[in-house]
Structure formats: C-alpha cells, structure tokens
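Here the structure is laid out as structure tokens; the discussion comes afterwards.
The values are calculated or read from the model by the stated rules, or taken from the named source; none is laboratory data. Since the structure is predicted, the reported quantities are computational estimates derived from the model, not experimental observations. Backbone-built Cβ (ideal geometry, glycine too); neighbour counts: all protein chains shown. These accessible areas exclude ligands, DNA and RNA; they are computed on the full protein's heavy atoms, side chains included. Shrake-Rupley method; radii C 1.70, N 1.55, O 1.52, S 1.80 Å.
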Amino acid sequence: MSHAAVKSPLAARAGSPLKGRLRVPGDKSISHRALIFGALAVGETRISGLLEGEDVLNTGRAMQSLGASIERIGDGAWRVHGVGVGGFRQPQGVLDFGNSATGCRLVMGAVAGCPITATFDGDASLRKRPMQRILDPVTLMGARASEMAKGGRLPVTVEGARDPIPIVYRTPVPSAQIKSAVLLAALAAPGETIVIESEASRDHTEKLLLHFGADVTVAAAGTHGRRIALKGEPELNAAPVVVPADPSSAAFPMVAALLVPGSDIVLTDVMTNPLRTGLITTLREMGADVETLNLRSDVGEEMADFRVRASALKGVDVPAERAPSMIDEYPILAVAAAFADGTTRMRGLKELRVKESDRLAAVADGLKANGVVAEIEGDDLIVHGQGRAQGGGVVMTHMDHRIAMAFLMMGLASAKPVGIDDASFIATSFPSFVPMMRRLGADVG
Ligand code: S3P
C-alpha cells in the first residue's frame, strides 16, 4: 500500500492524567499468520479481532493474489477460504507488502514451497531491509531467487521448489520471521524439517500450525533456545482464530500512563505469551506499577488485563537475552528510560538496525533531539535518565510507526511539546492510535 507523498506531522503535549479502559487492536504477528494459515488450510477459517492495519491488509491482498478467498464480514471479523498446502496459484502482478517485513518474509517462505513464481516488493523502507536471511534457507529447500536490486534486497522474484527438500536449519539470528518462513516452506516438503534457534523467538507460527492440525514438536535447545520439528505435507484444516490485543501496541499507552502524573488506566485482553512480555518484566524492574488482572488462556494464547498507574521509575540493565521477547519495544522503553532516575543500558540490540528504520540510530537521535543524553556503544543503547520530565523537540521517524508512536508518548510527559515529522506510518500497525490516546485524555494533534 502506498503512502501519500506528503508527510503528516503531529505533536503531543502534556495535559491531564490518562484515565480509562482501552483495548488496543489485535496482535499484528498473529493477524498476519491467521490470514496466511487460513489461506493454506482447507475449508473456512473465521478470524475475529484481526488487526485491520495496512501491514496486515497487504498480507490479505497477497493471499487473494495467490488464490485464497478473503472477505471482511464485520469489525475485525474475516472469513478466509484456503487453497490447501501447496495449492497457491501463480499470482498476476507483483506482491506488494508495503512497509511489512513480516508479511513479505512469511509469504516468501510459503511461496518457496509451491511450484509458482512470484515477485515481492515493498515501500522504500522495506526495500532497504535484508531478505537474504530468507533466501538462504529457501534456496537450500530447492527454491530459486533472483533479486533485481542485489544484496538481498527487494524487489525479489522467488521461483518455488517443485519438489521441496526438508532441511535442518539453525537460524543465524533469533528471528521468528526466519523460523516461520522455513516452517511455511516446509509444509510442502515430504519428511521432517527442523529449525533450531539459539534464543527462542515468538512462537505464534508453531502454535497456529498445531491449531490447524499439523504435527509439530517443540523442545528446549541449549540454555535459551528451541528446536522445532515439523512433519511435512500435513492437511491443514480450517480453524477459528481469536486474535488477542497486541502487547507491542499496548506498550505505548502503558508507558504513557507510567510517565504522565496521576494516570490510572486499564489495558484489556492483552496477549501475555511469555515470548512477548519482556517489556513488562523490564518496566516492573524499573519500579512500574503494572498490575496483572484476570489472566486467562481461552483462545490458544494467554491474555490478561493490565492496570497501569503513574510510577517513579529507576534506570536498569536490560540483558541481551531478553531482546527477542521485547524486540519491538525498545523505542518506547528508551522513552521510559529518559524519565527514569539513573542510567538504563539496553544490551544486544544489533537487530534494531534492520527494522522499519535503523531503530538504534533513530531512537538515539530522537532522544538527543529532545535534550536527553543517550549513546550507542557497540550494540547497546545507553540512556541517562534524569528522574524528571524532559523533552521538547522534533523527531525524524524514517517511515517507522514505532518511532512515531514512542516519541508522541514522550510529548505527553514532557515540559514542552514533542513533534514528529510524519505520523502516516502509524496506520501500518495501529490505525486507531490517535483517537484511542485522545479518549484516554492525551493531547495529541
Ligand atoms: C515478527 C518478528 C520480529 C518482530 C516483527 C514481527 C513476527 O521480527 O520484530 O515486528 O511476527 O514474526 P524478526 O523476526 O526480524 O525478529
């Protein structure tokens, strides 16, 4: 999906305390996967709570181009008729994933296991992101890839394998996207494919594979890793998917409520998969008052409501091994760290350099634009908090939704307004962000 050429600046400023209850939209990772698995299953998959953001809608359009029938039947309610494993048809035209590496990389894996050829493309941000990490394993499985831009960048054409080969693959970086791409390609391969990761990454693909009837086993590997084994050529059977609220989106109002004096909010239905909750662990270590209410697990994933009250925070050391469970939350954690008393060191953030923007640089620059002392040391980000409100400046967002949302949250607790150069990319993951924040009392506009 293309964005307006004109940027859409926005600012946030301090005002009243944040109050109220909020259900942020559905989890982005599960929403992409629900559409992809629905498209690969036989029968009708009903999805409720789907995130209707640009990233996910692009994945839906790709699934339609590949032969699935997808229909919106209500608010967040979607119906998918799948084509069965290996059943994707040759798409007409390029598959355009806009800003989304998740959609692009997962669908690359799924296409690599089918006897079709498809060209993958995206916006200027996605065209900068590494795709070799997907092309390497799918080539081992018998697919062929040609890049037009070289260097493992989009646009890329993938010719799927006629006879996909099961492999044993050790992911070179802890990435759920790499793991998922291999598992999706492996669906069409006879025999067992094994993926080994040295640090466990989010496991929604494994859970949905089980939910749709595939034979998957997951075992521990090493201290923090996992070994996932998938038996190829399963029949995937359509199954209903209920998408809980996205913890990565909930992170923004959560931190804002901690920082804005007098705030007291409840975030409902938030997914609490332990491979996604590193931010909450870290915030609690910093002294945050985040209370878990009503923990339940009736939808395949655990979820809970969180009551969040304004808190005085202190600086902490965030270990590198926690990074996979909070990889998308460092921009907003860095904002929290700017208000904390003392220094916060966030270790092992190499992967942040290859997100929607170079997030390590974008966060450090954004903090500095607001007068916060921050530095990058190797792959670590160090933020010197002053234990009080600081900020006031304009932040460059580099086509990155999470940089945009993180710094708007900073503005809500800063002495002076914080502006961002472009809010349009917020629509990729959290289209209702501004109205929802306003409903809590935030002054954003
Ligand atoms: C995602 C995995 C993560 C994360 C992204 C969503 C997924 O990326 O940053 O927002 O849904 O699999 P990596 O696999 O690159 O770590």
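Values computed for the structure shown
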read-out	value
The stretch 28-242, accessible surface, carbon-and-sulfur percent (1.4 angstrom probe)	49 percent
The stretch 278-345 and the stretch 415-430: distance between their alpha carbon centers, rounded to Å	21 Å
If the convex hull is drawn through the Cα atoms of the stretch 276-403, its volume per residue in Å³	110 Å³
Amide H within-cut-off set for Ala340, under 5 Å, with H built and near neighbours excluded	Gln386, Gly387
Integer Hz, Karplus 6.51/-1.76/1.60 couplings in order for the stretch 187-196, x for Gly and Pro	4, 9, 9, x, x, 9, 9, 10, 10, 10
Residue-span extension gain [Ala361 to Lys7] - 0.36 nm each, minus C-alpha spacing	125.4 nm
Most positive-pole-ward Cα, Leu184, Pro174, Ala245, against dipole of the stretch 162-268 from beta carbon charges	Pro174
Per-residue ³J(HN,Hα) for the stretch 22-37, Karplus 6.51 cos²θ - 1.76 cosθ + 1.60, θ = phi - 60°, Hz, x for Gly and Pro	8, 10, 6, x, x, 4, 5, 4, 6, 4, 4, 5, 4, 5, 5, 5
Protection proxy ranking, peptides 351-361, 377-387, average beta carbon neighbours within 10 Å, highest first	351-361, 377-387
Using alpha carbons only: equivalent-ellipsoid semi-axes of the stretch 169-274, gyration tensor based, whole Å	33, 18, 10
Nearest-0.05 FRET efficiency for Thr119 and Ser198, computed from C-beta distance (R0 30 Å)	0.40
For the stretch 253-320, the spread of Cα positions along each principal axis, largest first, Å	35, 31, 14
Difference of contour (0.36 nm per residue) and Cα-Cα distance, Lys416 to Ala312	35.5 nm
Average projected area [Cα convex hull, the stretch 28-242], square nanometres	10.2 nm²
Mean Cβ count within 10 Å, highest first, over the residues of peptides 277-285, 94-102	94-102, 277-285
Radius of gyration and maximum dimension Dmax of the chain, Cα, Å	21.0, 62
Distance in nm between pseudo-label sites at Leu293 and Val373 (7 Å out along the Cβ direction from Cα)	4.0 nm
Eligible aspartates and glutamates near Lys179 by straight Cα distance, threshold 18 Å, same-chain separation 8 or greater	Asp136, Glu192, Glu197, Glu199, Asp203, Glu206, Asp215, Glu233, Glu321, Asp328, Glu351
Computed magnitude of the charge dipole of the stretch 28-242 (debye, nearest 20; Cβ of K, R +1, Cβ of D, E -1)	380 debye
Student exercise, the chain dipole from Lys, Arg, Asp, Glu Cβ charges, in Debye to nearest 20	440 debye
Estimated distance in nm for a label pair at Asp264 and Thr223, the labels positioned 7 Å out from Cα along Cα-to-Cβ	4.2 nm
Label-to-label distance, nm, for residues given as Arg89 and Asp341 (7 Å Cα→Cβ offset)	6.6 nm
Qualifying aspartates and glutamates (Cα of each under 17 Å from Cα of Lys368; at least 8 residues distant if same chain)	Asp358, Glu377, Asp380, Asp421
Rg in Å to one decimal, and Dmax rounded to a whole Å, for the stretch 1-152 via C-alpha atoms	17.6, 58
Segment Asp75-Glu44, extension gain: residue separation times 0.36 nm, minus the distance between their alpha carbons	9.4 nm
Surface accessible to a 1.4 Å probe, per residue, for the residues of the chain, Å²	35 Å²
